[in-house]
1. Applying the selection to the stretch 16-49, what residues are over 19 Å from residue 155 (Cα atoms), surrounded by 14 or more Cβ atoms within 10 Å (Cβ to Cβ) and at pLDDT below 95?
2. Spot the failing condition for residue 61; the list is (1) more than 27 Å from residue 112 (Cα to Cα); (2) surrounded by 13 or more Cβ atoms within 10 Å (Cβ to Cβ), and only one is missed.
3. Only one of 7, 13 is within 25 Å of residue 174 (Cβ to Cβ), surrounded by 13 or more Cβ atoms within 10 Å (Cβ to Cβ), out of contact with any strand residue (DSSP E or B) (no Cβ under 9 Å at 6 or more places or on another chain) and at pLDDT below 85. Can you tell me which?
4. If you take the residues in the stretch 166-175 that are surrounded by fewer than 13 Cβ atoms within 10 Å (Cβ to Cβ) and in a helix (DSSP H, G or I), which one is nearest to the chain's Cα centre (by Cα)?
5. Which is more than 30 Å from residue 157 (Cα to Cα) and modelled with pLDDT of 85 or more, of 53, 77?
6. From 159, 118, grab the single residue that is under 30 Å from residue 61 (Cβ atoms) and surrounded by 12 or more Cβ atoms within 10 Å (Cβ to Cβ).
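The values are calculated or read from the model by the stated rules, or taken from the named source; none is laboratory data. On a predicted model such as this, the values are computed, not experimentally measured, just so you know. Note that we place each Cβ from the backbone using ideal geometry, even for glycine, and neighbour counts take in every protein chain shown.
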């Protein structure tokens, strides 16, 4: 990541030196474009529906888990006074067996909840890249980001930009010459993206 940032700084500085030679620079906030263009809003709404379904499923699992834990935390029932010793021992064994069964169910639910979370958000070992969320984002948002890239490329060519960054230059540079003109083309790209819907 540092190498990429240093490369971008070097490119910006090079273009800064060449700025006198009519080099045009721009930046594009792809996340902002995604959030504001119609295709992006529709895709984000679709993602939010899917996330809502996953969250509802997990909440249902959490509710069952909480009920089991609450039940487990209750003290064992005392055997009725009228029972003889043998019946009391059998009653106590039954209560302990119920408690152990409940404990096993709680452990099983914990495992299932963790597996569910890992299936959605991905495992820590793989940095979350193996989860359904990442897969769905690629499937639903990926094509929109590709359209944003294509629209931005056409816009840059049409308007004679030499370089379009995917983030504000301040994010990459410790110092940026205030004389260096770098245009934010995000709003123009949002407008052009919305034309694709009409």
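1. Selection gives 16, 19.
2. Every listed condition holds for residue 61 apart from (1).
3. 13
4. That would be 171.
5. 53
6. 118
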